[in-house]
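Novice: Please see the structure below; I have some questions.
The values are calculated or read from the model by the stated rules, or taken from the named source; none is laboratory data. Every value quoted in this text rests on a predicted model; they were computed, and no experiment measured them. Backbone-built Cβ (ideal geometry, glycine too); neighbour counts: all protein chains shown.
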C-alpha cells in the first residue's frame, strides 16, 4: 500500500462500498483507459453502509422508506422524493442489465434477490399518514403493486411475527410491495 501513488490516478474513490463499486464500474465503461483507485480503510470491502447488517444489503427503491414521503403541515404527503429515488434505482437496474448483457458481471440471480418491502405503523395518526402515503404513491407505475391494509389478519399473513400478540383493537396499518415494479426490463 505504501507504493500507491494516487497522484497518477484519473479517479480516486473513497470507500469500498456499493456506491464506489458502482461508480468505478460506470467510469470503466465510459473511460476504459482510466486508472481508477479505490481507497478503503477497513480490512474488507463494503463493511460499513453497504454491509447487510447496516443497510440490509438493499438498493433503495423508496418502497418502504417513509422518510422519502414527508408529510406537509396541511397533512398532504408528497410522493416526489420517493418517485425520484425509485427512478434512480431503475436506472441502476438498467446499468446492471447492461453489465450482464456485455458479460461484465455474472448471472444476476447470484446477487440480486427481489424481496417484499413492507412498512408498518401503529396508532391512529400514523395509520392515517400511511394511508395517505399509499394513495399518493399507488397511482405511479413504480408503486402500482403496493398494497395497503389496516386488517390484523392481513398483517398476520404478511408479517406473522409483527402481528403476533398484538391486540385486535390496536390501530395498525401496513403497506407491502411484493416485488419490484414490472414496468422495467432490468434484472
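Novice: Could you grab me the full set of residues in the stretch 7-22 that are in contact with a strand residue (DSSP E or B) (Cβ under 6 Å, 6 or more places away or on another chain) and assigned to a helix (DSSP H, G or I)? Steps first, answer last, please.
Specialist: First pass over the stretch 7-22, keeping only residues in contact with a strand residue (DSSP E or B) (Cβ under 6 Å, 6 or more places away or on another chain): 9, 11-14, 16, 20.
20, the sole residue that qualifies.
Novice: At pLDDT 90 or above, closer than 23 Å to residue 26 by Cβ and either in contact with a strand residue (DSSP E or B) (Cβ under 6 Å, 6 or more places away or on another chain) or not assigned by TED's automatic domain parsing to the domain that holds residue 27 (or both), is that true of residue 170?
Specialist: The answer is no for residue 170.
Novice: A further question on this structure: Given the criteria assigned by TED's automatic domain parsing to the domain that holds residue 160, under 22 Å from residue 69 (Cα atoms), touching a helix residue (DSSP H, G or I) at 6+ places or on another chain (Cβ under 8 Å) and not in a helix (DSSP H, G or I), does residue 121 qualify? Full working, then the answer.
Specialist: Values: assigned by TED's automatic domain parsing to the domain that holds residue 160: yes; under 22 Å from residue 69 (Cα atoms): yes; touching a helix residue (DSSP H, G or I) at 6+ places or on another chain (Cβ under 8 Å): yes; not in a helix (DSSP H, G or I): yes.
So residue 121 passes the test.
Novice: When you go through 47, 136 one by one, which is the residue that is crowded, with 16+ Cβ neighbours inside 10 Å, assigned by TED's automatic domain parsing to the domain that holds residue 5 and either over 17 Å from residue 174 (Cβ atoms) or in contact (Cβ under 8 Å) with a residue 24 or more places away in the chain (or both)? Walk me through it before giving the result.
Specialist: On the way: 136 fails: assigned by TED's automatic domain parsing to the domain that holds residue 5.
None of the others qualify; the one that does is 47.
Novice: Quickly run through the stretch 61-115 and pick out the residues that are part of a helix (DSSP H, G or I) and on the phi > 0 side of the Ramachandran plot. Break it down into steps so the answer makes sense when it comes.
Specialist: Taking the stretch 61-115 and keeping what is part of a helix (DSSP H, G or I), we get 66-68, 80-101, 108-110.
Answer for the stretch 61-115, where residues must be part of a helix (DSSP H, G or I) and on the phi > 0 side of the Ramachandran plot: there is none.
Novice: Give the number of residues within the stretch 71-114 that are more than 21 Å from residue 25 (Cα to Cα) and surrounded by 14 or more Cβ atoms within 10 Å (Cβ to Cβ). Please lay out each step first, then the result.
Specialist: Going residue by residue through the stretch 71-114, those that are more than 21 Å from residue 25 (Cα to Cα) are 71-84, 114.
Adding the requirement that they be surrounded by 14 or more Cβ atoms within 10 Å (Cβ to Cβ) leaves 71, 77-79, 81-83.
Counting residues in the stretch 71-114 that are more than 21 Å from residue 25 (Cα to Cα) and surrounded by 14 or more Cβ atoms within 10 Å (Cβ to Cβ) gives 7.
Novice: Can you name the number of the only condition in (1) within 18 Å of residue 146 (Cβ to Cβ); (2) in contact with a strand residue (DSSP E or B) (Cβ under 9 Å, 6 or more places away or on another chain); (3) without any contact (Cβ under 8 Å) to a residue 24 or more places away in the chain that residue 67 fails?
Specialist: In the conditions (1) within 18 Å of residue 146 (Cβ to Cβ); (2) in contact with a strand residue (DSSP E or B) (Cβ under 9 Å, 6 or more places away or on another chain); (3) without any contact (Cβ under 8 Å) to a residue 24 or more places away in the chain, residue 67 misses (2) alone.
Novice: Here's a follow-up. Could you please let me know if residue 144 is exposed (fewer than 15 other Cβ atoms within 10 Å of the Cβ) and within 24 Å of residue 80 (Cβ to Cβ)? It would help to see each step written out before you state the result.
Specialist: Numbers: exposed (fewer than 15 other Cβ atoms within 10 Å of the Cβ): yes; within 24 Å of residue 80 (Cβ to Cβ): yes.
When the stated conditions are applied, residue 144 passes them.
Novice: Follow-up. If residue 129 meets every condition in (1) part of a helix (DSSP H, G or I); (2) touching a helix residue (DSSP H, G or I) at 6+ places or on another chain (Cβ under 6 Å) apart from one, which number is that one?
Specialist: (2)
Novice: Continuing with this model, one more query. Any residue in the stretch 78-91 that's without any contact (Cβ under 8 Å) to a residue 40 or more places away in the chain: show its pairings with residues that are outside any loop (DSSP other than H, G, I, E, B) at Cβ separation under 7 Å, as long as the two are six or more apart or on different chains.
Specialist: Here the result reads 81/68; 85/68, each pair linking the stretch 78-91 to a residue that is outside any loop (DSSP other than H, G, I, E, B).
Novice: Still on this structure: Quick check: is even one residue across the stretch 115-124 out of contact with any strand residue (DSSP E or B) (no Cβ under 7 Å at 6 or more places or on another chain) and modelled with pLDDT under 95?
Specialist: Here is the first cut: in the stretch 115-124, the residues out of contact with any strand residue (DSSP E or B) (no Cβ under 7 Å at 6 or more places or on another chain) are 115, 123-124.
Okay, now just the ones that are also modelled with pLDDT under 95, so 115.
Looking for residues that are out of contact with any strand residue (DSSP E or B) (no Cβ under 7 Å at 6 or more places or on another chain) and modelled with pLDDT under 95, one finds at least one in the stretch 115-124, hence yes.
Novice: State which residue pairs qualify: first residue closer than 19 Å to residue 168 by Cα and inside the stretch 118-133, second residue outside any helix (DSSP H, G or I) and modelled with pLDDT under 95 in any location, beta carbons under 6 Å apart, and separation of 6 or more residues or different chains.
Specialist: 119/64
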